Amino acid sequence: MLDRTLHAALKPLLSRVAGGLVRLGLSANALSFIGFGLGLAAATAIALGRPLAGLALLLLSRLMDGLDGAVARATAPTDRGSFLDITLDFLFYASIPLAFALADPGQNALPAAVLLASFIGTGSSFLAFAIVAAQRGLQSHDFPDKGFYFLGGLTEATETLAAFIAMCLWPAWFPQIACGFAALCAITTALRIVWGYQRFR
């Protein structure tokens, strides 16, 4: 829901930083792997009971995720890069609820499972729409720089990051935050199913 606004606000800054990274010889794919590595480090810190350290690593991970696209646009975007970016993003998103479940299985395991199940809904509806849209040659007007066309919703990257930040700041409230965000993900999934069903008549 907020991705379009945030993307527009951050694009000039990310583009300037990306220019420097290109001059240093860093590729978009390298940044994708660095961001994923930082994301796994964040999940590890959370699982070990260090949520604030996890938060710092998580934010660095998402910075790399923003910069990999900016570097790709400054050089030459590739299908390989688009594939790598979304695959590693989905793995990162799954790692954070799992980390909280490992940190406190008794309190967090079931809410984490509910949240991960909701991620299956948002992820599958996201990718299913993108596949059919690509087959039909459709392109996004909201995110023309993205490697593929996808539907938005209540829970996009910005909202997911906000939920993760809240979990790290208030880990005792993880069950409530996870279940609340899972409900929003369920709404997003339902909306995408309706929109996709109508769009592909």
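The values are calculated or read from the model by the stated rules, or taken from the named source; none is laboratory data. Everything quoted here is computed from the prediction, not taken from an experiment. Please note: Cβ atoms are built from the backbone with ideal geometry, for glycine as well, and neighbour counts cover all protein chains shown. The area values use the complete protein model at the heavy-atom level, side chains included, leaving out ligands, DNA and RNA. Shrake-Rupley method; radii C 1.70, N 1.55, O 1.52, S 1.80 Å.
By the equivalent-ellipsoid construction on the alpha carbon gyration tensor, the chain comes out with semi-axes of 27, 23, 13 Å, ordered largest to smallest. Straightening the chain between Gln135 and Ala172 buys 8.8 nm, computed as 0.36 nm per residue apart minus the Cα-Cα spacing.
Less than 5 angstrom separates the built amide H of Glu156 from those of Leu2, all sequence-distant by 5 or more or on a different chain. Dividing the helix sum by the residues of the chain, where each DSSP H run of 4 or more adds -39500 (n - 2.57), gives a mean residue ellipticity at 222 nm of -28000 deg cm²/dmol. Ligands, DNA and RNA are left out, and with a 1.4 angstrom probe the accessible area of the range 16-86 is 52 Å² per residue.
In this rough spin-label picture, where each label sits 7 Å from Cα along the Cβ direction, the Ala74-Ser15 distance is 1.2 nm.
With the full set of protein chains in place, find how many percent of the accessible area of the range 35-110 is carbon and sulfur; take the probe as 1.4 Å.
70
Take the range 67-144, drop everything but the C-alpha atoms, weight them equally and run the Debye formula without solvent; then report log10 I(q)/I(0) at 0.12, 0.17, 0.19, 0.21 Å⁻¹ to two decimals. Values returned for q = 0.12, 0.17, 0.19, 0.21 Å⁻¹ are -0.50, -0.82, -0.93, -1.02.
Taking the solvent-accessible surface of protein heavy atoms with a 1.4 Å probe, what is the per residue accessible area of the range 162-201 in Å²?
Accessible area per residue, the range 162-201: 57 Å².
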